[in-house]
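First comes the structure, then the notes that go with it.
Coordinate-derived values only; no laboratory data. If you're wondering where the values come from, they're calculated on a predicted model, not measured in any experiment. Here the Cβ positions follow ideal geometry from the backbone for every residue, glycine too, while neighbour counts run over all protein chains shown.
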Amino acid sequence: MITGFRVARGGAQQLLGVTPDLTAFGKIIGGGLPVGAFGGRADVMDNLAPLGPVYQAGTLSGNPLATAAGLAALSLLDDDAYALIESRADCLAGSLANAFAAAGITVCVPRFATLVGLFFGDVAPTDYISACTTDEALYASFFHELLDRGVAIAPGAYEVMFPGLAHDDEVLTAISDAAYAAAAAVASR
């Protein structure tokens, strides 16, 4: 599950109104550095030492560098920042959809908050069976065409893209231009 602080300061649970028994955050809580954190209801967390019998520790627990990086990242992520990132995600999703429409290739470009997917087929996968309908070979071709144009996306057909504050209008335009050219190249094969 990749949501964490990427979608809201309270993660997807905040956006969806869910109160989990336990919640976990990966490296996003350390500004991208190797660290993780978990939390939960008091009755669950009270089982951890020193209050309870469960010992929890880790090599990277409380790492000061990761903690400082996480605090620095969180200091940038206010409501305005999330709104800006969401608008950039919307721009990216629209550019990708338009590039493939212009090339005559059927894709689905779902977006949830700041996360953007790209699936070659009529529908975005929601389970294993629908995932099997995605054309992984077309994704791989697009990945390499895009990479040849200086834009790197996730190499796996089932991963998402993470636009962020660093993706300004100039960067989004460059990605869009590369996507149009890459989609046209894939269509010409």
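Some observations on this one:
- Looking only at residues in region 50-97 that are in contact with a strand residue (DSSP E or B) (Cβ under 8 Å, 6 or more places away or on another chain) and in a helix (DSSP H, G or I), the one that is nearest to Arg6 (Cα to Cα) is Ala89.
- If you filter region 121-130 down to residues that are under 18 Å from the mean Cα position of the chain (by Cα) and touching a residue at least 12 places away in the same chain (Cβ under 8 Å), you find that the one that is nearest to Val186 (Cα to Cα) is Ala124.
- Cβ-Cβ distances below 7 Å connect the following pairs, each with a first residue in region 30-52 that is over 17 Å from Leu74 (Cα atoms), a second residue that is among the β-branched types (Val, Ile, Thr) and surrounded by fewer than 15 Cβ atoms within 10 Å (Cβ to Cβ), and a separation of six or more residues or different chains: Asn47/Val54; Leu48/Val54.
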